[in-house]
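Peer 1: Structure provided below as structure tokens; questions to follow.
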2 protein chains.
Amino acid sequence: MLMQKTASFERNTIVGEAVSLSEIFQYSPTETIASGKTICWEGDAANHLFQVVEGVVRLQRIIGEGRRVITAFLFPGDLVGAALQATYLFTAEAVNDCKIRRMSCKTFHEEVSRSENLRPEYIALLSQEMASAHEQMVLLSKKNAEERLCSFVVRLSERPHLAKEDMLSVPMNRQDIADYLGLTIETVSRTISKLASRKILSPVGRHDLKVASYERLARLSGNTDDFFDKTCDRGSLH
Amino acid sequence: MLMQKTASFERNTIVGEAVSLSEIFQYSPTETIASGKTICWEGDAANHLFQVVEGVVRLQRIIGEGRRVITAFLFPGDLVGAALQATYLFTAEAVNDCKIRRMSCKTFHEEVSRSENLRPEYIALLSQEMASAHEQMVLLSKKNAEERLCSFVVRLSERPHLAKEDMLSVPMNRQDIADYLGLTIETVSRTISKLASRKILSPVGRHDLKVASYERLARLSGNTDDFFDKTCDRGSLH
DNA sequence: CGTCGACTTGAGGACCCTCAACTCCAGTGG
DNA sequence: CCACTGGAGTTGAGGGTCCTCAAGTCGACG
């Protein structure tokens, strides 16, 4: 806690204003979170923000007995709790072994307030989160199991550190995927099998997929804008 | 446009810093939007923000042929496009006759940057939006038709200007409700009928509901925290 | 080799969607 | 005034998709 304060102070006197959000986390020590461990609890006072340095984090809510919803997966560079609230909106857990950096909300807020560079980046980050949330609502509202799974794989493949040519690393297990896509584990499994039988992708072990054609996946994902220009729906208006 | 700039300037010299977000819209003229008309289009350059003054606005996305998703309803005081992005994430349309105020993103951004009072309010607003989005994802992931409808009615009833004792005004039509809840219009209709036969609520005309017991509705909405203390799910942790 | 957890596969059923007919109501015109 | 029309909403029958429950397979690890 004290150390953090000091580090933060040093940087400001030496380097001047921070120029990127990642930079202000640099001086916090990395913490290691074992697979499955919790980073913060839904409902708890939100005293800290966390930056994912390595690994994958899931944000989830538990409702009633056994019903779990994963609202997002976070990857290196992403922030847990960027939308500063009095309490956390979700429980954050490590999908696999993770490294994170921690920062107090207060310090973060002060840094962002002070720096003209950080503020737009912070707003952009929140906007990005909103955009993802909208995307997810569309998926959950109107897509069938196959479209959901294809959307998921396409989104994963956009992470450069997960996709190596045609091999895609999928760090989360089937239950995570199911709870993220609003399906059951069985439906996820069946849908993968069906896609495999159509030679669109094939599972390799439990955490890898060999993808035959990302283009084909994108077409199956139900996103109009993946093969049409967005402006075409609106005709010639204005 | 010019008028806006002038008004904005006047206020700053006379009253000093704005103390609330609503205040900075006060000097923009109100515009009237007829029911069903569009305020802004998904994908268009986001040059303006809008504050809803009167009426209800729906934010929606169209995907493919005939598939529409409503991601949010906005009520008086709410902002369209608060998550500043290069382009709008959604199309905004008037559910009923509306009055709105407009402000350029640039001006808004400057005002918020300048004022120490506005910034936390703005962050809080974005956080609020994120919280609603999370809530909606839970609804779409895990709730059945009855829970969705009850959640919807409970949320509407929290708007003081819509709820008068046991009568609730529902400005949106069945199709809007269906596209918001990820159901079909028939399922919405049937679910209302079933709730009516159980004397939980009864439709009065097309745009009003007589609600027997909000408490009972809350219990049917599938939100654990509507009848349990939130902390109970987590056991005795810390 | 046995065990355990993660995953897959199958059978049956629930819930919601689709399609279609019907009611209700407001607005229009004879 | 009433018939006509069209839009919004309701109701019914049937079917599809996904869920539930259950059994079986796979793979890691002792």
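The values are calculated or read from the model by the stated rules, or taken from the named source; none is laboratory data. Everything numeric in this text was worked out from a predicted model, so none of it was measured. Positions of Cβ are generated from backbone atoms using ideal geometry, with glycine treated the same way; all protein chains shown enter the neighbour counts. Note: areas computed on protein heavy atoms with side chains; ligands, DNA, RNA excluded. Shrake-Rupley method; radii C 1.70, N 1.55, O 1.52, S 1.80 Å.
Peer 1: Quick check for you: which residues of segment B:146-174 have the amide N under 18 Å from the point 7 Å beyond the Cα of B:Lys210 toward its beta carbon?
Peer 2: Only B:163-170 fall inside the zone, counting backbone N under 18 Å.
Peer 1: In whole Hz, what ³J(HN,Hα) sequence does segment B:25-41 give by Karplus (6.51, -1.76, 1.60; θ = phi - 60°), x for Gly and Pro?
Peer 2: Whole-Hz 3J(HN,Hα) from phi for segment B:25-41: 8, 3, 8, 7, x, 7, 10, 9, 10, 6, 3, x, 6, 8, 9, 7, 9.
Peer 1: May I pose another question? Which whole-angstrom value gives the distance between the alpha carbon centres of segment B:97-142 and segment A:24-95?
Peer 2: When both Cα centres are located, 22 Å separates them.
Peer 1: Right, here's the next one. What nm value, rounded to one decimal, do you get for the distance between A:Cys105 and B:Ser104 when each label is placed 7 Å out toward the C-beta?
Peer 2: Those two pseudo-labels are separated by 3.5 nm.
Peer 1: For B:Ile39, what residues show an amide H to amide H distance below 5 Å, using hydrogens built from the backbone and excluding near sequence neighbours?
Peer 2: Distant-sequence amide H within range of B:Ile39: B:Ala92, B:Glu93, B:Ala94.
Peer 1: Using +1 at the Cβ of each Lys and Arg and -1 at the Cβ of each Asp and Glu in chain A, identify which of A:Leu217, A:Gly81, A:Thr187 lies farthest towards the dipole's positive end.
Peer 2: A:Thr187
Peer 1: Run the count for chain A, please: Lys pairs, Cα-Cα under 30 angstrom, 8 or more apart or on different chains.
Peer 2: Taking chain A as the scope, the lysine pair count is 27.
Peer 1: Name the long-range amide H neighbours of A:Thr87: under 5 Å, sequence gap of 5 or more, or other chain; modelled H, no Pro or chain starts.
Peer 2: A:Ala46
Peer 1: With +1 on each Lys and Arg Cβ and -1 on each Asp and Glu Cβ, how big is the dipole of chain A about its Cα centre, in debye rounded to the nearest 20? Spell out each step's value before the answer.
Peer 2: On the way: 30 positive and 31 negative charges, 140 e Å.
With only Lys, Arg, Asp and Glu charged at Cβ, the dipole is about 680 debye.
Peer 1: Find the sum over both chains of the accessible area lost when B and A are paired, probe 1.4 Å, and report it in Å² to the nearest 100. Mind showing how you got there, number by number?
Peer 2: Details: alone 13440 and 13480 Å², together 22420 Å².
When B and A are taken together, about 4500 Å² of accessible area is lost.
Peer 1: So what's the angle, to the nearest 10 degrees on a 0 to 90 scale, between helix B:145-157 and the longest Cα principal axis of chain B?
Peer 2: The angle comes out at about 50 degrees.
Peer 1: While we're on this one: Mind computing the radius of gyration and Dmax over the alpha-carbon atoms of the protein assembly as shown? Å is fine for both.
Peer 2: Radius of gyration, then largest Cα-Cα span, for the protein assembly as shown: 23.3, 71 Å.
Peer 1: For chain A, take the longest principal axis of its alpha carbons; what is the angle in degrees between that and the long axis of helix A:118-142, to the nearest 10 within 0 to 90?
Peer 2: So the inclination is approximately 30 degrees.
Peer 1: Please list, ordered by chain and number, the residues whose modelled amide H lies under 5 Å from the amide H of A:Ala82; skip anything fewer than 5 residues away on the same chain.
Peer 2: none
Peer 1: Calculate how steeply helix A:185-197 sits against the longest principal axis of the alpha-carbon atoms of chain A, using the helix alpha-carbon long axis, and give the answer as 0 to 90 degrees to the nearest 10.
Peer 2: 60
Peer 1: Moving to a separate point now. Where does segment A:144-221 land on Rg/Rh, using Cα atoms and the Kirkwood Rh? Don't skip to the answer; put the middle values down first.
Peer 2: On the way: Rg = 11.1 Å, Rh = 12.2 Å.
On the Cα set of segment A:144-221, Rg over Rh gives 0.91.
Peer 1: Top mean-square fluctuation among A:Glu121, A:Glu65, A:Glu110, Gaussian network model of chain A, C-alpha springs under 10 Å?
Peer 2: Highest fluctuation of the listed residues: A:Glu65.
Peer 1: Any chance you could list the semi-axes, whole Å, largest first, of the equivalent ellipsoid that the Cα gyration tensor gives for segment A:97-141, using √(5λ)? Walk me through the numbers before you get to the answer.
Peer 2: Working: eigenvalues 138, 56, 12 Å².
Each semi-axis is √(5λ); the values are 26, 17, 8 Å.
Peer 1: Where does the protein assembly as shown land at 222 nm, in deg cm²/dmol rounded to the nearest 500, when only DSSP H runs of n ≥ 4 count, each adding -39500 (n - 2.57), divided by all residues? Intermediate values should be presented prior to the final figure.
Peer 2: Values: 16 runs with 188 residues, N = 476.
Taking each H run of at least 4 residues, the total per residue is -12000 deg cm²/dmol.
Peer 1: Threshold 50 Å², probe 1.4 Å: give the residues of segment B:139-153, in number order, that are less accessible with all protein chains present than with their chain alone.
Peer 2: Output list: B:Leu140, B:Ser141, B:Lys142.
Peer 1: Can you work out the Karplus-derived ³J(HN,Hα) for every residue in segment A:52-69? Use 6.51 cos²θ - 1.76 cosθ + 1.60 with θ = phi - 60°, whole Hz, and x for glycine or proline.
Peer 2: 6, 9, 8, x, 10, 10, 10, 9, 9, 10, 9, 10, x, 7, x, 8, 10, 10
Peer 1: Quote the accessible area belonging to A:Trp41 in square angstrom, nearest 10, computed with a 1.4 Å probe and with ligands, DNA and RNA left uncounted.
Peer 2: 80
Peer 1: I've got another one for you. In whole percent, how big is the carbon plus sulfur part of the accessible area of segment B:30-139, probe 1.4 Å, protein atoms only?
Peer 2: Details: 1980 of 3950 Å².
Carbon with sulfur: 50 percent of the solvent-accessible area.
Peer 1: Say a label goes 7 Å from Cα toward Cβ at B:Ala145 in every copy; what distances in nm does this one have to the rest, shortest first?
Peer 2: For B:Ala145, the inter-copy label distances come out at 2.1 nm.
Peer 1: Which distances, shortest first and in nm, link B:Arg67 to the matching position in the other copies, using label points set 7 Å out along Cα to C-beta?
Peer 2: 2.4
Peer 1: Using a 7 Å offset from the Cα along the Cα-to-Cβ direction at both A:Ala45 and A:Glu116, what is the distance between the two label points in nm, to one decimal?
Peer 2: My value for the distance between the label points is 3.6 nm.
Peer 1: How much accessible area per residue does chain B have, counting only protein heavy atoms and a probe of 1.4 Å, in square angstrom? Spell out each step's value before the answer.
Peer 2: Values: 11190 Å² over 238 residues.
Solvent-accessible surface per residue comes out at 47 Å².
Peer 1: Could you pull the Rg and Dmax for chain A, using just the Cα atoms, both in Å?
Peer 2: Just the Cα atoms of chain A yield Rg and Dmax of 19.7, 61 Å.
Peer 1: Stokes-Einstein diffusion coefficient for segment B:119-177 at 10 °C in a medium of 1.306 mPa s, Rh from the Kirkwood formula over Cα pairs: what value in µm²/s?
Peer 2: Stokes-Einstein gives a translational diffusion coefficient of 120 µm²/s.
Peer 1: Taking θ = phi - 60°, what integer Hz values does the Karplus form 6.51 cos²θ - 1.76 cosθ + 1.60 yield along segment B:168-179, in sequence order, with x for Gly and Pro?
Peer 2: These are the phi-based 3J(HN,Hα) values: 10, 8, 10, x, 7, 8, 4, 5, 4, 4, 4, 5 Hz.
Peer 1: Under a GNM of chain B (C-alpha, springs under 10 Å), which listed residue has the highest mean-square fluctuation: B:Glu111, B:Glu135, B:Glu158?
Peer 2: Largest GNM mean-square fluctuation: B:Glu158.
Peer 1: Taking a cut-off of 22 Å, what percent of all Cα-Cα pairs in segment B:19-95 are separated by more than that? List each step's numbers first, then the result.
Peer 2: Details: 634 of 2926 pairs.
So the pairs more than 22 Å apart make up 22 percent of the total in segment B:19-95.
Peer 1: At B:Glu186, with labels set 7 Å past Cα in the Cβ direction, how many nm apart are the copies from this one, shortest first?
Peer 2: Result for B:Glu186, in nm, nearest copy first: 2.6.
Peer 1: In whole Å, largest first, what are the principal axis extents of the Cα atoms in segment A:30-139?
Peer 2: If we take the Cα atoms of segment A:30-139, the spans are 45, 34, 24 Å.
Peer 1: Can you tell which of A:Val138, A:Gly64, A:His109 lies farthest toward the positive end of the dipole of segment A:30-139, using +1 and -1 charges on the Cβ of basic and acidic side chains (Lys, Arg; Asp, Glu)?
Peer 2: Among A:Val138, A:Gly64, A:His109, the one farthest towards the positive end of the dipole of segment A:30-139 is A:Gly64.
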